[in-house]
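Trainee: Quick one: the structure is below, questions incoming.
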């Protein structure tokens with residue numbers, strides 16, 4: 001009977017180990033699948049941006065060829081040279097517009113992608129400068145055509161459009177940069193205050209035991225950049241955080257005189273629950 005009992009216990013232990021092994025294998029497989037999805041998404045984003053980059057470079061190559069054809073036509077002879085120039089100018093205008101749209105597309109891809117590449121950003125800015133250089137080259141080409149008494153109304157219209165579009169592109173780029181910088185600054189801005197119970201009550205920061213529930217005085221707070229300001233001196237031998245922040249993200253330590261200093265070890269985690277910090281001191 002005892003032998004039978006031992007056998008049954010052994011069978012149950014083996015079955016339990018197998019189930020635990022299956023659970024571990026399943027968890028590992030789920031983790032692997034998640035990582036593979038992240039890698040695949042990153043690869044797709046990079047491939048899409050590289051495809052856009054190649055399209056822009058191909059556009060510049062075609063524009064260069066068309067400019068060469070215009071140069072040959074203006075230096076040649078025959079009644080058809082004005083027609084040839086007009087056709088190539090129309091092509092340049094169309095391809096420049098496509099490149100502008102592709103540059104805007106790539107800028108959007110970079111903004112929305114989880115893949116942040118300084119090299120791609122530099123390449124994009126280089127292409128904007130190339131567009132500006134093409135504008136200058138077309139203005140020079142117009143001057144050369146005028147000298148040869150080749151006047152094409154479409155060329156004047158193209159140059160004017162290019163001037164406007166390049167300026168719009170520069171303005172748009174500047175405005176977007178300012179917007180991104182402003183949003184980035186706001187994203188990394190927080191406010192803190194420390195004070196006695198009476199001081200916090202006077203500013204409606206602490207009301208009947210509740211913190212930041214009433215119309216409190218926001219001007220009483222100090223604004224900081226959470227990327228830079230990771231240490232706050234509290235100038236008190238007694239300190240207690242009244243707002244909720246993950247305990248693992250900060251530490252309260254005392255200096256040589258026994259006064260507390262708040263050290264934020266993990267800013268992203270610390271400020272994730274609230275961008276306002278209230279500390280009660282005595």
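Only the coordinates and a few stated rules stand behind these numbers; no lab work does. In this text, all values refer to a predicted model and were calculated from it rather than measured experimentally. With ideal geometry, Cβ positions are generated from the backbone for all residues, glycine too; neighbour counts draw on all protein chains shown.
Trainee: Using r as the Cβ-Cβ distance of residue 249 and residue 228, and R0 as 22 Å, what FRET efficiency do you calculate, to the nearest 0.05? Before the final figure, lay out the partial values.
Mentor: Values: r = 16 Å, r/R0 = 0.75.
It comes out at approximately 0.85.
Trainee: OK, next. Sort 278, 70, 83, 228 so the one with the fewest other Cβ atoms within 10 Å of its own Cβ comes first.
Mentor: Starting with the residue having the fewest Cβ neighbours, the order is 228, 83, 278, 70.
Trainee: Estimate the FRET efficiency between residue 197 and residue 257 by the formula 1/(1 + (r/R0)^6), using the beta-carbon distance for r and 22 Å for R0, to the nearest 0.05.
Mentor: Values: r = 23 Å, r/R0 = 1.03.
Calculated transfer efficiency: 0.45.
Trainee: Which percent, to the nearest 5, of DSSP beta bridges fully inside segment 189-281 are antiparallel? Display every interim value, and only then the final one.
Mentor: Values: 17 of 22 bridges.
Of all bridge pairs located within segment 189-281, approximately 75 percent are antiparallel.
Trainee: Over 17 Å, how big is the tail of the calculated P(r) for segment 204-244, in percent of all Cα pairs?
Mentor: Working: 407 of 820 pairs.
Above the 17 Å cut-off, segment 204-244 has 50 percent of its Cα pairs.
Trainee: For the residue pair residue 208 and residue 241, what label-to-label distance in nm results when each label sits 7 Å from Cα along the Cα-to-beta-carbon direction?
Mentor: 2.7 nm
Trainee: What would the Debye formula give as log10 I(q)/I(0) at q = 0.14 Å⁻¹ for the alpha-carbon point model of segment 189-281, no solvent?
Mentor: So the normalised log intensities work out to -0.48.
Trainee: Using the number of other C-beta atoms within 10 angstrom as an exposure proxy, rank 275, 223 with the fewest first.
Mentor: On the way: 275 15, 223 10.
Fewest-to-most Cβ neighbours within 10 Å comes out as 223, 275.
Trainee: Oh, and also: Quick check: the distance between the Cα centres of segment 208-234 and segment 47-74, to the nearest angstrom?
Mentor: After rounding, the separation between the Cα centres reads 55 Å.
Trainee: Would you mind ranking 49, 96 by Cβ crowding within 10 Å, fewest neighbours first?
Mentor: Details: 49 20, 96 23.
Ranking 49, 96 by Cβ neighbours within 10 Å, fewest first, gives 49, 96.
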